[in-house]
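These notes are about the structure you will find just below.
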Number of protein chains: 2
Amino acid sequence: MPGSVRFHFDYVSPYAYLAWTQIHSLAERNGRGVEPVPVLFAGLLNALGHRGPAEIPPKRIYIYKDVVRTAHVLGVPLVPPPAHPFNPLLPLRVSSLTMDPATRRRLVDGLYRASWGGGGGVESPDAVARIATEAGLDGDRAIREAQAPPAKARLKEATDAAAGAGAFGVPTMIADGELFWGFDSFGHLERFLQGKDPVDSKTVERWRDLPSSASRI
Amino acid sequence: MPGSVRFHFDYVSPYAYLAWTQIHSLAERNGRGVEPVPVLFAGLLNALGHRGPAEIPPKRIYIYKDVVRTAHVLGVPLVPPPAHPFNPLLPLRVSSLTMDPATRRRLVDGLYRASWGGGGGVESPDAVARIATEAGLDGDRAIREAQAPPAKARLKEATDAAAGAGAFGVPTMIADGELFWGFDSFGHLERFLQGKDPVDSKTVERWRDLPSSASRI
């Protein structure tokens with residue numbers, strides 16, 4: 001049986017939210033499951049010394065318009081959270097706890113609805129505990145576990161592993177070892193799952209070995 | 001008559017190449033013209049203190065695969081230039097000279113074919129002169145003019161104006177004052193030209209005034 005699509009996400013990213021609303025149907029119609037992998041986007045950026053779209057002023061407003069436009073096309077609700085960027089550590093750590101796949105999917109659904117679907121945000125422990133309880137967990141216990149060292153280490157390890165696998169943003173989908181970045185790549189991901197990817201190793205080598213004849217640094 | 005779509009581009013960007021192969025049909029079927037505006041992508045990045053995709057190692061290879069995939073979907077030839085990133089100043093400056101619109105379109109077509117369509121690149125004055133001659137210019141004269149201060153100033157002014165208008169990358173399309181970035185935005189641009197853009201000023205204000213509750217800096 002072919003492996004699942006690993007879906008790396010952070011609640012802070014509205015693109016990861018939009019992608020989350022679509023990844024299950026994409027995977028299912030191609031005979032795949034989805035394995036949600038919470039990662040800290042800021043950790044990926046730090047690993048690369050890069051800046052996120054919300055950190056570049058003209059890009060921040062543009063990106064939001066782009067997200068509103070894409071949500072409109074998809075027919076998905078999109079409401080900005082109370083603040084953005086916000087600190088996603090607690091909901092990410094709760095989402096990293098050990099639980100069965102159906103519960104995790106309900107939990108991520110609930111946390112994303114609270115982040116971008118018109119809920120009240122996911123920064124307060126009370127809000128996260130309530131959403132965890134609605135997903136079928138013991139909410140208060142989940143918060144306690146999420147604040148303990150093992151859960152903190154798990155999120156950090158997942159973020160480091162994603163960076164090691166070549167991820168530089170969210171959402172990042174990895175299927176059969178091939179990485180796809182961003183909701184805009186869903187068409188390419190689907191063709192890949194259908195065995196119709198035009199990229200071959202020779203093409204990649206050609207590019208990888210291409211010299212640079214200009215540098216700003 | 002509605003205004004043209006201003007198409008800001010740099011030969012260094014394969015996304016701008018792909019977008020160039022599609023922008024005329026998009027504009028024409030919506031009753032618009034296309035005004036090509038050469039800009040220096042590195043200048044936009046410098047203005048923002050940002051890094052380009054080719055400057056982030058894992059992103060560089062991914063972006064190339066993504067470009068190969070999109071070119072395949074579009075049925076457009078895509079062959080890497082002899083080196084990348086390369087210095088695009090001379091072809092950009094030649095493209096900024098005064099000429100009639102049909103000549104400029106042929107010139108940009110020719111320079112893009114040489115950059116990304118299997119030609120030999122656009123870094124040598126001889127190659128650029130030959131392409132300019134094929135487009136209907138006096139190639140040697142175009143090279144001399146492009147190396148003179150007024151042409152250098154013109155490219156810098158266009159880049160500064162694009163940055164001032166909010167551009168942070170290429171391709172950037174501006175229609176009726178609204179900015180769209182990247183080939184992936186073509187669907188949104190087309191809906192905008194058809195009067196179907198879901199973004200309104202209230203939505204923009206709501207986002208612009210949103211506080212941030214987390215920062216990495």
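Scanning region A:198-214 for residues that are at the interface with another protein chain (Cβ under 7 Å from one of its Cβ atoms) and assigned to a loop (DSSP other than H, G, I, E, B) turns up A:P198, A:V199, A:L210, A:P211, A:S212, A:S213, A:A214.
Among the residues of region B:118-143, the ones that are modelled with pLDDT of 95 or more and either part of a helix (DSSP H, G or I) or touching a strand residue (DSSP E or B) at 6+ places or on another chain (Cβ under 7 Å) (or both) come to 15 in all. Among residues of region B:161-182 being part of a helix (DSSP H, G or I) and hydrophobic (A, V, I, L, M, F, W, C), the one that is nearest to the other protein chains (Cβ to nearest Cβ) is B:A163.
Within this structure, B:P88 fails the test of being farther than 14 Å from B:S13 by Cβ and not aromatic (F, W, Y). Counting only residues that are facing another protein chain (nearest Cβ under 8 Å) and either within 13 Å of A:V199 (Cα to Cα) or of a type in the set (D, E) (or both), region B:72-101 holds 2 of them.
Of the residues B:V122, B:V79, B:V128, which single one is surrounded by fewer than 22 Cβ atoms within 10 Å (Cβ to Cβ) and of a type in the set (V, I, T)?
Result: B:V79 is the single residue among B:V122, B:V79, B:V128 that is surrounded by fewer than 22 Cβ atoms within 10 Å (Cβ to Cβ) and of a type in the set (V, I, T).
In region B:102-120 there is no residue that is more than 13 Å from B:S13 (Cα to Cα), within 12 Å of another protein chain (Cβ to nearest Cβ) and not hydroxyl-bearing (S, T, Y). Of the residues that make up region B:183-192, is at least one over 17 Å from the mean Cα position of the chain (by Cα), more than 10 Å from chain A (Cβ to nearest Cβ) and either surrounded by fewer than 21 Cβ atoms within 10 Å (Cβ to Cβ) or among the β-branched types (V, I, T) (or both)? Looking through region B:183-192, at least one residue is over 17 Å from the mean Cα position of the chain (by Cα), more than 10 Å from chain A (Cβ to nearest Cβ) and either surrounded by fewer than 21 Cβ atoms within 10 Å (Cβ to Cβ) or among the β-branched types (V, I, T) (or both).
Taking region B:21-61, which residues are touching a helix residue (DSSP H, G or I) at 6+ places or on another chain (Cβ under 8 Å), within 14 Å of chain A (Cβ to nearest Cβ), small (G, A, S) and assigned to a loop (DSSP other than H, G, I, E, B)? The answer is B:G52, and nothing else.
The values are calculated or read from the model by the stated rules, or taken from the named source; none is laboratory data. Quantities reported herein were computed from a predicted structural model and do not represent experimental measurements. Cβ sites come from the backbone with ideal geometry, for glycine too, and all protein chains shown count toward neighbours.
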